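The numbers here are math on the coordinates, done by the rules we state, and not lab data. Since the structure is predicted, the reported quantities are computational estimates derived from the model, not experimental observations. Every residue, glycine among them, receives a Cβ derived from its backbone with ideal geometry; neighbour counts consider all protein chains shown.
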């Protein structure tokens, strides 16, 4: 069903759990996994920007590379850009003909362990990507994050 999956990440612990779901889905579907990390709007000279992008690519690989390697998964691309994160996610999804975007509800778990189960609204990035996406979005609920389910 899915041949190209886009996983936008902010490299938080919450994204780590969403990544596990995205990786499992990519493996089951035999799909290419596009991992996107946005730097946001930065005002660096071009040579410094290139260096920042390389550093960010390494951080993404450090975060997720060993897990993919351990599962024998090699069909992935890491994409890091500067600019408005939502616009860049939507542009990448359109230009790469992504079949589905897999993302979490926001950058932090909306339910804190041990507290009353009050679910906060979607994070700003997720909400905006939902409005502008050229493809379906699968939002991973907090209940799939270990320690947050009741």
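Hey, does region 9-17 have a residue that's touching a strand residue (DSSP E or B) at 6+ places or on another chain (Cβ under 6 Å) and closer than 18 Å to residue 94 by Cα?
Yes, region 9-17 contains at least one residue that is touching a strand residue (DSSP E or B) at 6+ places or on another chain (Cβ under 6 Å) and closer than 18 Å to residue 94 by Cα.
Filter region 21-44 for residues that are farther than 23 Å from residue 91 by Cα and either part of a loop (DSSP other than H, G, I, E, B) or in contact with a helix residue (DSSP H, G or I) (Cβ under 6 Å, 6 or more places away or on another chain) (or both) and give the result.
Within region 21-44, just 30 meets the criteria.
Within region 46-72, restricting attention to residues that are in contact with a strand residue (DSSP E or B) (Cβ under 7 Å, 6 or more places away or on another chain) and under 14 Å from residue 11 (Cβ atoms), which residue is surrounded by the most Cβ atoms within 10 Å (Cβ to Cβ)?
Applying the filter and picking the extreme gives 64.
Here are some residues: 30, 91. Which one is out of contact with any strand residue (DSSP E or B) (no Cβ under 8 Å at 6 or more places or on another chain) and exposed (fewer than 13 other Cβ atoms within 10 Å of the Cβ)?
Values: 91 fails: exposed (fewer than 13 other Cβ atoms within 10 Å of the Cβ).
When all the criteria are applied, what remains is 30.
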